[in-house]
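Taking it in order: structure first as structure tokens, then the write-up.
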Amino acid sequence: MRDNDSAHDGRRATHRMRRLWRAIQRRPTSTIVYLALAGFVGLWIAGLLGAYVVAVGTVVGTVAIAVSSISAEHIRDKWIVAGLGTALVGACAALDTAEQLHAVKLKNALESEIQEYATRPTNKTEFLGFLDSRLHDCLNRPSVDVDHCADLETLLEHINPAHGGVPYYTGEILRYRGRVRDSDDSFYNYLEAESRVLPRDQRDNGSASVCNTNGIGFCDQRTSWVCHTLANDLFRRGCDAGDPNQRLDFFVRAQEQLKCEQKHFTGGFEQRLGTRPMTTTDLAVALKPQLNDPARKCDAPPPRF
């Protein structure tokens, strides 16, 4: 009797397997999609996809939607596959949005904690110096992440809006974004603030590190670099102008910025960098004939930006 029952169970199992195989043969595409979806869900639950959950899920869901549109199977199977694919893509999009919102929340909380820490009197000067140094490094890397630099500048401004690094680094970041005229406005703001903060007889030793340690963000070398930058820009604008009176105005203003540069940093600058293609010596030599005859063509006009 037991042997008969066992044989009967075996035949039933075989019959079910055959039915399953025939169903797979009739719906091969749908079956593959179902297995892929089931595999993805299993890996997701097991935590084996890690940070790639959204990317893998979106790919699987998109492929399922695409397959449903080209499959020659029954319309019901096509709708099921398309529905599952759409649901998976939607779930991944929702998960991605939730992760981004969580990241923004953590970032805001971190910024709040940093600002609270940095504004304590015992920590403020040291932290401002740290941020100033980080911004300098950020803008002088071989590959500049402008958005990251802008985040650091925003944090610096939150902690001390009157810090000299705020208009200075804003100007530098704008130049990396190709907004040279806006950058000049920020540099003029720096010079105006510097004239109020530092008395004319209060000068430093010309070291770039002074701006990182004095807590105010204004120092001779930085001021000289700002004047050097403006002198380059004004000379270029003078060369580009057509009216002789307008050219003379630009060249005179460039000469004033060159004097500012030499006053704050007697050694001058030898770098030829991007939007500052002329050294201190280049500017002094190029300005002399233009001031005598503004209408003459510049010998070697700087490139336009």
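The values are calculated or read from the model by the stated rules, or taken from the named source; none is laboratory data. Nothing here was measured: the structure is a model prediction, and the numbers come from that model. No Cβ is skipped: glycine too gets one built from the backbone with ideal geometry, and neighbour counts run over all protein chains shown. Accessible surface areas use protein heavy atoms only, side chains included; no ligands, DNA or RNA. Shrake-Rupley method; radii C 1.70, N 1.55, O 1.52, S 1.80 Å.
Pulled fully out, how much extra length does the chain show between ASP151 and ALA93, if you take 0.36 nm times their separation in residues and subtract their Cα-Cα distance? Before the final figure, lay out the partial values.
On the way: separation 58, 0.36 × 58 = 20.88 nm, distance 2.64 nm.
Length gained, ASP151 through ALA93: 18.2 nm.
For the stretch 149-305, which semi-axes, largest first and in whole Å, follow from the square roots of 5 times the eigenvalues of its Cα gyration tensor?
Details: eigenvalues 160, 59, 33 Å².
Whole-Å semi-axes of the equivalent ellipsoid: 28, 17, 13.
In bins 5 Å wide, starting from 0, what share of all Cα pairs of the stretch 150-196 does each bin hold, as a percent?
Percent of Cα pairs in each bin: 5, 26, 30, 23, 14, 2.
Tell me the accessible surface of ASP96 in square angstrom (1.4 angstrom probe, heavy atoms of protein chains only), to the nearest ten.
Ignoring ligands and nucleic acids, ASP96 comes out at about 50 Å².
Using +1 at the C-beta of Lys and Arg and -1 at the C-beta of Asp and Glu, which of THR266, PHE187, ALA150 has the Cα lying farthest in the positive direction of the dipole of the stretch 129-287?
THR266
For LYS288, go through the lysines and keep the ones whose alpha-carbon is under 16 Å away, minus same-chain ones fewer than eight residues off.
In chain and number order, the partners are LYS259, LYS297.
Per-residue HN-Hα couplings for the stretch 259-268, Karplus 6.51 cos²θ - 1.76 cosθ + 1.60 at θ = phi - 60°, whole Hz, x for Gly and Pro?
Couplings: 5, 4, 4, 6, 5, 8, 8, 4, x, x Hz.
Within 14 Å, Cβ to Cβ, of THR58, how many net charges do the neighbouring residues add up to if Lys/Arg are +1 and Asp/Glu are -1?
Values: positive: none; negative: ASP96, GLU99.
My count for the surroundings of THR58 gives -2.
Along the Cα→Cβ direction, 7 angstrom out, place labels at ARG177 and ASN292. What is the inter-label distance in nm?
Result for the modelled spin labels: 4.3 nm.
Can you send over the solvent-accessible area of THR266, 1.4 Å probe, protein chains only, in Å² to the nearest 10?
Number for this one is 130 Å².
With the contact rule set at Cα under 8 Å and sequence spacing of 6 or more, what percent relative contact order holds for the stretch 161-305? Each step should come with its number before you reach the end.
Details: 178 pairs, mean separation 29.9, N = 145.
For the stretch 161-305, the relative contact order is 21 percent.
At LEU43 and VAL56, where each label point lies 7 Å from the Cα along Cα→Cβ, what is the point-to-point distance in nanometres?
That separation, rounded to one decimal, is 0.3 nm.
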